[in-house]
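Only the coordinates and a few stated rules stand behind these numbers; no lab work does. Not measured: the values here are computed from a predicted model. Cβ coordinates were reconstructed from backbone atoms using ideal geometry, including for glycine residues, and neighbour counts include every protein chain displayed.
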Amino acid sequence: MNLEKTNRQSNRNDRRKIISARDVAVTFEMDRGTSRVLNDVNMDIYDGEIVGIVGESGSGKSMFADALLNAVVDPGVASGEIRYTPEEGESLDVLGLEGKALREFRWNDVSMVFQGALSAFNPTIRVGAHFKETLSAHGVEKREGMEWARQLLADLYLDPNRVLESYPHELSGGMKQRALIALSLLLEPDMLVMDEPTAALDLLMQRSIIRLLREVRDKYNLTMVFITHDLPLVARLADRLAVMYAFEFVETGPTEKILTEPSHPYTRELLNATPDISAPIDQMKPVEGAAPDPVTPPAGCSYHPRCPLADERCEAEAPPFQSVSQNHEAACFHWEQAVEEIPMASQGGNSDE
Ligand SMILES: Nc1ncnc2c1ncn2[C@@H]1O[C@H](COP(=O)(O)OP(=O)(O)OP(=O)(O)O)[C@@H](O)[C@H]1O
Ligand code: NI
């Protein structure tokens, strides 16, 4: 196996678009109407980057993650187009994959640590057996595969022998989560999608996992999507952030730009709800007002009912993305006004006043 991929330093614009998502929607048919829980989102993900996706609970983060892997559960329906382009060979239409091709895609190309996945380990079999089963399901030679598993576990600062011999309940939450990350990397995917991978862990363990993920990304040149409602946490990890509100992305940009020049009114509120970027999540106050209902979303900009800057146009027209600066966009007609008029609570780096 070619275990270490080469690290390439190059301009983002020359880099391979590993994922290109266009007009991706997820809908559920409900008695009271169609629930649109992901609303025609677009997103490009570049080789080797770490993208953090943040937003409040219920905003559609998991729906986006699930769509990326064509893993939206019934009766949810994903539509639109998701193209995956491997390092070599033809690009794939992810939402068109099924059966064996889909299973292979999910382990070999883009793999995922699902939200609440700590319970994914079968409690009655040893951790090592989970690795062996995955190898044999994909026809990988066991000896070589398990050698790679040991290296991955060691890279995640686990004792391979101890972990492989253990039953899941014998490991702490942090160890289990790292073992799960190792398992998801077993078949050398190009990209790893993690949905709230640290939510069940204490603050110290969250931070150490963040550090580990950076090391793993650098060593294996992985592309990562890290989903969380914990903005301070993901800001330590991600190269780029995408802020989600009401089933859509409302602002994307380099992490530093989002922290220092947040331009969508919602992003500014979200950051203001975080008293200190290094403070733990439980010290955050929620953004005021209620999130929209996916069956009856507001017309125009979906944030307008909560937005201090909303005018008639915002009530009627959905704002397209506007360029704020290079690689930084906000879906708001009034982003310039937002920067001037929605003050940021004093916190490190937010100094545009
Ligand atoms: N099986 C389902 N049927 C109908 N609606 C659903 C279903 N699963 C989720 N939803 C709705 O889809 C919307 C988006 O949910 P999603 O799980 O993507 O949110 P999230 O941003 O991941 O939230 P959290 O931070 O709590 O994980 C929510 O309004 C949720 O109620
Ligand atoms: Ni979720």
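Tabulated values for the structure
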item: Point-charge dipole on Cβ atoms (K/R +1, D/E -1) for region 248-341, about Cα centre, debye to 20; result: 160 debye
item: Residues Val77 and Arg162, FRET efficiency given R0 of 41 Å [Cβ-Cβ distance, rounded to 0.05]; result: 0.40
item: Beta bridge orientation in the chain: antiparallel %, DSSP, nearest 5; result: 60 percent
item: Distribution of pairwise C-alpha distances over the chain, 10 Å bins, in %; result: 5, 24, 33, 25, 11, 3, 0
item: Likely footprinting exposure, Thr34, Thr134, fewest C-beta neighbours within 10 Å first; result: Thr34, Thr134
item: Gain upon complete extension [Leu203, Gln151; 0.36 nm per residue less C-alpha separation]; result: 16.1 nm
item: Positive-end residue, the chain charge dipole about Cα centroid, Cβ charges, pick of Leu69, Pro305, Gln337; result: Leu69
item: Full-stretch length increase - Glu56, Ala316 - with 0.36 nm per residue and alpha-carbon distance subtracted; result: 91.2 nm
item: Extension gain, Asp239 back to Asn122 (0.36 nm per residue minus Cα-Cα distance, nm); result: 38.7 nm
item: Cα-based Lys pair tally, the chain, threshold under 19 Å, eight or more apart or on separate chains; result: 5
item: Stokes-Einstein D for region 248-341, Kirkwood Rh over Cα pairs, 10 °C, 1.306 mPa s (µm²/s); result: 114 µm²/s
item: FRET efficiency, 1/(1 + (r/R0)^6) with R0 35 Å, evaluated for Ser91 and Thr260 via beta carbons; result: 0.50
item: Value of [θ]222 nm, deg cm²/dmol, for the chain, DSSP H segments ≥ 4, -39500 (n - 2.57) each, nearest 500; result: -8500 deg cm²/dmol
item: Neighbour cut-off at most 12 other Cβ (10 Å), DSSP loop, GluC sites (Glu not before Pro), region 83-173; result: Glu87, Glu88, Glu90, Glu98, Glu141
item: Two-site label geometry, Ser325 and Arg211: point separation in nm, points 7 Å out along Cα→Cβ; result: 3.0 nm
item: Among Val54, Val77, Val113: highest mean-square fluctuation, GNM of the chain, C-alpha pairs under 10 Å; result: Val77
item: Per-pair calculated FRET efficiency, R0 = 51 Å: Thr34 and Glu144 via Cβ, rounded to 0.05; result: 0.60
